[in-house]
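Notes follow once the structure below has been shown.
The values are calculated or read from the model by the stated rules, or taken from the named source; none is laboratory data. Quick caveat, the model's predicted, so the values are computed rather than measured. As a convention, Cβ positions derive from the backbone with ideal geometry for all residues, glycine included, and neighbour counts pool all protein chains shown.
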Amino acid sequence: MHRLIRKGGPLSWDGRCTRKAAPIRGWEGSLLEKRKVFVDRQSLLDELLEVEHFRTIYHMFIAVLCVFIVSTVVVDFIDQGRYVLDFDLFIFAFGGLPTVLATWLVMFLYTLLVPYKALQLWAGSYHTVRFPRLFTAILWGALLACHAAVLGFYPIYMVIQHQLPPASRFIVVLEQVSAMGQGTEGKDQAQAGQEVPLAQQDQLSCSHREVKPPALSTYLYFLFCPTLIYRESAGGAASLTGSPRQFLGCLFYSYFILERLCIPVFTNMSKQPFSIKTLVLSIFNATLPGTFLLLLSFFAFLHCWLNAFAEMLRFADRTFYKDWWNSTSFATYYRTWNVVVHDWLYYYLYQDLFWLFRGRSRVAAMLSVFITSAIVHEYVITLCFGFFYPVMFTLFAIIGVTFNFLLNDKRKSPIWNIIMWTCLFIGQGIQVCLYCQEWYAQIHCPLEQKTFWGLVTPRSWSCRS
């Protein structure tokens, strides 16, 4: 709801105009004055695919998919004498779609109506109520309680109660996180929103104190737009890129990678004696499918899915990512991999934390953002897979933070790009290997008695059935 308020004045939580504050010594004005501006531009891959040489690389990936399909058909004929391509994995992974749709509908209607009506009530009443501070505290306290119930506990309950499979869980959890981002920037809902960053509001004059929510239709439009940053207008020219077909192609690509490169390797791994040699070999064997899944996830979601919604809604700014593949530092990689999430973290979390620290510690603000992002990533993985194994958190919050400072923006040589890619390859191998091992360990060695330590201790460490 932070993004719903138009450019207004520096209102305090009791609805009164705050005083003009003196600038804080040591602040970087350019940092705090940065604002997201939408411009009409294509996604970078769409521009690159117009170049014949780059389009050939795209064709090579399609050729690899063809090889996977042919090899699957040939192996089926050799093993069973017939063509067996039943897509059981798809049917399992996307089971329970009616439950997913019902859960999404509840979260969507809540995000559409409740925060918007609460903002209207607050904006229309704070001038007239006798105790504006108490009124504000009660209203936002009730709203946060509703957020916790509807956007917090309800999706978790539906996922666990109905035992949804991984892909269906991912849809619910991703929508939950998105709805929380769209409806809960609670600490400065009463401020002037992204149109006036929190860090600058104390310096505004008290003459601009009108708070005017946008039209409901505008808010509805931005709930579906591929952005987490609210603006009054972001329309532009529409362009068609065939994104829905490419997205479906990525799903089938992922299916063949899992069927040919992951499932046969890890299905019976927990039945074999454990050794460091086996683990290391498994990690490096998982590097290839892990890299494929990384690239497919990027292309399917950040390019195809977001571009599909941008096309349908005539959303002009298609900068959902930048040239992260050219990064020579992890700092650049984190900024360019997912621009949609990075913008939200930067404008709604980092800038406000930097302001709260009074400009004294960029490192503290940066670490806070990293930890928050790592926790959310780990939450998504845990709920999707149905077990706790903090591989993602370790790689993100510990190793990733370390690399962010060691491989910083000062590294410009091409060798650092090679190092970055090497780290990405190994990191993906670690994740695919350990998560696959844990998935099958949970199946082969179920807990006889559910205890706290049993739930948080990886089963693959002890499962040797």
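Brief remarks follow.
- Residue within region 298-316 that is basic (K, R) and out of contact with any strand residue (DSSP E or B) (no Cβ under 6 Å at 6 or more places or on another chain) present: no
- Qualifying residue in region 64-74 (condition: assigned to a helix (DSSP H, G or I), over 30 Å from Q176 (Cβ atoms) and in contact with a Gly (Cβ under 8 Å, 6 or more places away or on another chain)): yes
- Just one residue in the set G249, G236 is surrounded by 14 or more Cβ atoms within 10 Å (Cβ to Cβ), within 20 Å of Y321 (Cβ to Cβ) and at pLDDT below 85; that residue is G236.
- In the condition set (1) in contact with a helix residue (DSSP H, G or I) (Cβ under 7 Å, 6 or more places away or on another chain); (2) surrounded by 14 or more Cβ atoms within 10 Å (Cβ to Cβ), F301 is compliant with all but (1).
- Selection status of Y110, touching a Pro at 6+ places or on another chain (Cβ under 7 Å), touching a residue at least 60 places away in the same chain (Cβ under 8 Å) and surrounded by 14 or more Cβ atoms within 10 Å (Cβ to Cβ): no
- Wholly within region 335-446, helices (runs of 4 or more DSSP H) carrying at least 2 residues that are without any contact (Cβ under 8 Å) to a residue 40 or more places away in the chain and more than 23 Å from the chain's Cα centre (by Cα): 414-444
- Residue under evaluation A118, criteria (1) over 28 Å from S217 (Cα atoms); (2) in contact with a helix residue (DSSP H, G or I) (Cβ under 7 Å, 6 or more places away or on another chain), criterion not met: (1)
- Among the candidates T287, T267, residue that is over 15 Å from T227 (Cβ atoms) and modelled with pLDDT under 90: T267
- Residue in region 434-455 that is modelled with pLDDT of 90 or more, surrounded by fewer than 17 Cβ atoms within 10 Å (Cβ to Cβ) and not charged (D, E, K, R) present: no
- Conditions (1) at pLDDT below 90; (2) of a type outside the set (K, R); (3) surrounded by 11 or more Cβ atoms within 10 Å (Cβ to Cβ): number failed by I91: (3)
- Evaluation of Q194 against (1) at pLDDT below 80; (2) outside any loop (DSSP other than H, G, I, E, B); (3) surrounded by 19 or more Cβ atoms within 10 Å (Cβ to Cβ) (one fails), failing number: (2)
- Selected residue (only one of L281, L296 is assigned to a helix (DSSP H, G or I) and within 16 Å of the chain's Cα centre (by Cα)): L296
- Test for F354: is it under 15 Å from G427 (Cα atoms), surrounded by 20 or more Cβ atoms within 10 Å (Cβ to Cβ) and modelled with pLDDT under 90: no
- All positions within region 119-135 that are touching a residue at least 40 places away in the same chain (Cβ under 8 Å) and either among the charged types (D, E, K, R) or within 27 Å of I171 (Cβ to Cβ) (or both): R133
- The listed residue being assigned to a helix (DSSP H, G or I), modelled with pLDDT under 90 and more than 26 Å from E259 (Cα to Cα), out of R25, R19, R3: R3
- Count - residues of region 447-465 that are basic (K, R) and not in a loop (DSSP other than H, G, I, E, B): 1
- Listed by first and then second residue, the pairs linking a residue in region 137-156 that is touching a residue at least 24 places away in the same chain (Cβ under 8 Å) and closer than 15 Å to V173 by Cβ to a residue that is polar (S, T, N, Q) and in a helix (DSSP H, G or I), with Cβ atoms under 7 Å apart and 6 or more places separating them unless they lie on different chains, are L151/Q176; P155/T103; P155/Q176.
Let's see how each residue does on (1) within 26 Å of C384 (Cβ to Cβ); (2) in contact with a Pro (Cβ under 8 Å, 6 or more places away or on another chain):
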| residue | (1), (2) |
| --- | --- |
| R55 | no, no |
| A93 | yes, yes |
| T99 | yes, no |
| K117 | no, no |
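- Residue within region 444-460 that is of a type outside the set (G, A, S) and in contact with an Asp or Glu (Cβ under 7 Å, 6 or more places away or on another chain) present: yes
- For region 400-433, filtering for residues that are buried (at least 17 other Cβ atoms within 10 Å of the Cβ) and aromatic (F, W, Y) leaves 2.
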